[in-house]
Amino acid sequence: NNLLRVHLLEIEQLHEELREQAIRDPLTGLYNRRYMHDIFGQEFSRARRENYPVSVIMMDMDELKILNDTYGHHIGDRALQAFAFHLQAMTRKEDIICRYGGDEFTVILSKAFPKDAVKRVEEWRKVMNSHTLEIEDNNGVTVKFTAGIASFPAHGTSLEEIINYADVALYRAKARGRNCTVVFEGPN
């Protein structure tokens, strides 16, 4: 019986490890895109029922490709990890931070209007601009990012609309020259 209990505990531990691997990005430790869609669906349903806003922030690290090409992918990985670390340190427990893919990240802010989301993003930018990622030979770089914001119910009534509009806002911000934030303002 004792041996069986030990095996059951081992199986339970392995099951939990597999679950974590399925929902976490291995490089940054943040939630992955699949988990984001699942949890955002739940948050979105709750926001509709309880009538509160939810803001989605899509962020893209600026010039990660140049960093990778200049210093190597190991430095690019360190930049991604530093970005994730700072995001985790600066967000509330109820915020959901995900690595969307590549150098894109998504933060879901529960009970946050667009103006609240902009304020938070600019606070993050200020902190990240004050930290330098040390590279080699005493060189350092500042990790900068571009952000797009869309909110429920201000910009859409479905989960897909909000994510899409945050992405549209992100690309509009990139078109403005990067290292800035744009809130979605209609389809034009």
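In this structure, does Ala112 turn out to be within 23 Å of Phe145 (Cα to Cα), surrounded by fewer than 19 Cβ atoms within 10 Å (Cβ to Cβ) and among the hydrophobic types (A, V, I, L, M, F, W, C)?
no
Need the failing condition index for Gln21 against (1) under 30 Å from Gly76 (Cβ atoms); (2) open to solvent by less than 100 Å² (accessible area, probe 1.4 Å); (3) over 13 Å from the mean Cα position of the chain (by Cα); (4) not hydrophobic (A, V, I, L, M, F, W, C), just the number.
The single condition Gln21 does not satisfy is (2).
Kindly evaluate Gly101 against the criterion of being of a type outside the set (A, V, I, L, M, F, W, C) and within 24 Å of Tyr71 (Cα to Cα).
On the way: of a type outside the set (A, V, I, L, M, F, W, C): yes; within 24 Å of Tyr71 (Cα to Cα): yes.
It is true that Gly101 is of a type outside the set (A, V, I, L, M, F, W, C) and within 24 Å of Tyr71 (Cα to Cα).
The values are calculated or read from the model by the stated rules, or taken from the named source; none is laboratory data. These figures come from a predicted structure and were not determined experimentally. Because the Cβ atoms are built from the backbone with ideal geometry, glycine has one as well, and the counts that use them run over all protein chains shown. We work out accessible area using only protein heavy atoms, side chains counted, and drop any ligands, DNA or RNA first. Shrake-Rupley method; radii C 1.70, N 1.55, O 1.52, S 1.80 Å.
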